[in-house]
Amino acid sequence: MSEPTNSLVRVRLDTVDTNMSRVLAEEAGVEILDEPTHNDDGRLREPTPHGRPAKSQTTVAKAAAAKQAAAEPAQRSTK
Amino acid sequence: MTILLPETVNSLGKVSVVMVSTIANTAAPSLGTEINATTSVNVSCFLYEAAAGTMTTNKGQAPKKLCTVSQFQERGIASVDVGDLSYSHHPQRALTDAANKAKSSLLDGTRWYMVVRSGKAGDTALVAADRVDIWLVELLNQNRTTMGDGEFAQFSILQGVIAKANPIYESILAA
């Protein structure tokens with residue numbers, strides 16, 4: 001049986017994303033992010049706040065589909 | 001004038017240190033969601049010495065003007081320093097073993113709110129309304145060494161600490 005190895009990982013806590021030991025993160029059951037723990041310049045990443053819900057992409061597809069669906073019966077009736 | 005006879009507290013065994021991953025309000029940390037979070041580690045019984053932090057303000061003298069005959073000191077920049085951590089570990093146990101909880105958690109590069117409670121037995125849990133001092137720190141390398149002398153020495157880890165903010169003194173734990 002292989003033992004767990006430890007390393008620094010990026011985790012998501014309630015209000016911040018921060019660096020944490022992998023062993024502690026797995027024990028505590030927090031989400032481990034697939035993100036780097038260091039910046040491009042080699043320095044450790046600072047904790048960053050999160051929590052703002054992802055904004056849905058602006059799209060006209062739904063509106064276009066509804067308009068199309070509404071138009072189709074009318075087109076049929078004119079045939 | 002009334003003569004005060006202040007009550008004093010023996011410090012032996014009366015320090016607790018909890019490493020907390022995140023604290024939203026350092027003036028009133030939450031006992032339930034922050035101090036007792038699964039990501040917090042009570043290292044009181046791992047540490048050999050109380051984690052000591054100091055805040056020092058430089059003092060010095062500005063150049064004297066011709067017209068003055070006195071010179072007084074001025075306040076310079078302040079610096080915060082937290083002493084190294086020294087704690088026990090078990091070299092032959094897995095990282096997930098309870099004896100290695102401090103070693104596996106206090107990894108090089110992790111950042112913690114070091115919450116220090118003084119004046120109550122160190123082997124008792126923190127409770128609401130406890131007064132604590134809080135140091136925001138980032139940890140450095142974990143150096144394997146021994147603590148103690150000769151036949152009484154124990155395997156330990158010595159770890160440098162970087163202070164990341166001014167200390168918060170006497171915060172009161174919220175429920």
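The values are calculated or read from the model by the stated rules, or taken from the named source; none is laboratory data. The structure presented is a predicted model; accordingly, all values stated were derived computationally and were not measured. When we count neighbours, we look across all protein chains shown, and the Cβ atoms used for this are built from the backbone with ideal geometry, even at glycine.
Just a few scattered comments:
- Looking only at residues in the range A:1-25 that are surrounded by fewer than 16 Cβ atoms within 10 Å (Cβ to Cβ) and either touching a Ser or Thr at 6+ places or on another chain (Cβ under 9 Å) or not small (Gly, Ala, Ser) (or both), the one that is nearest to B:SER105 (Cα to Cα) is A:SER7.
- Within the range A:37-50, the residues that satisfy the criterion of being exposed (fewer than 15 other Cβ atoms within 10 Å of the Cβ) and more than 9 Å from chain B (Cβ to nearest Cβ) are A:ASN39, A:ASP40, A:ASP41, A:GLY42, A:ARG43, A:THR48, A:PRO49, A:HIS50.
- Selection count, the range B:1-33, where residues are more than 25 Å from B:PHE155 (Cα to Cα), within 14 Å of chain A (Cβ to nearest Cβ), touching a residue at least 60 places away in the same chain (Cβ under 8 Å) and not in a loop (DSSP other than H, G, I, E, B): 2
- When the test is whether a residue is of a type in the set (Gly, Ala, Ser), exposed (fewer than 14 other Cβ atoms within 10 Å of the Cβ) and not in a strand (DSSP E or B), B:ALA62 passes it.
- Evaluation of B:LEU85 against (1) within 15 Å of B:ILE162 (Cα to Cα); (2) in contact with a Lys or Arg (Cβ under 9 Å, 6 or more places away or on another chain); (3) away from every other protein chain (no Cβ under 14 Å) (one fails), failing number: (2)
- Of all residues in the range A:22-36, those being in a loop (DSSP other than H, G, I, E, B) and either more than 12 Å from every other protein chain (Cβ to nearest Cβ) or farther than 15 Å from B:SER21 by Cα (or both) number 3.
- The requirement of being in contact with a His (Cβ under 6 Å, 6 or more places away or on another chain), free of Cβ contacts under 8 Å to residues at least 60 places away in the same chain, within 11 Å of chain A (Cβ to nearest Cβ) and buried (at least 20 other Cβ atoms within 10 Å of the Cβ) is fulfilled nowhere in the range B:138-153; no residue meets it.
- Boolean, A:ARG10 is within 14 Å of chain B (Cβ to nearest Cβ), out of contact with any helix residue (DSSP H, G or I) (no Cβ under 8 Å at 6 or more places or on another chain) and modelled with pLDDT of 95 or more: yes
- From the options B:SER105, B:SER86, residue that is at pLDDT 95 or above, farther than 26 Å from A:ARG12 by Cα, buried (at least 16 other Cβ atoms within 10 Å of the Cβ) and not β-branched (Val, Ile, Thr): B:SER86
- Output for the range B:94-122, where each listed residue is under 24 Å from A:PRO36 (Cα atoms) and within 8 Å of chain A (Cβ to nearest Cβ): B:LEU95, B:THR96, B:SER104, B:SER105, B:LEU106, B:LEU107, B:ASP108, B:GLY109, B:THR110, B:ARG111
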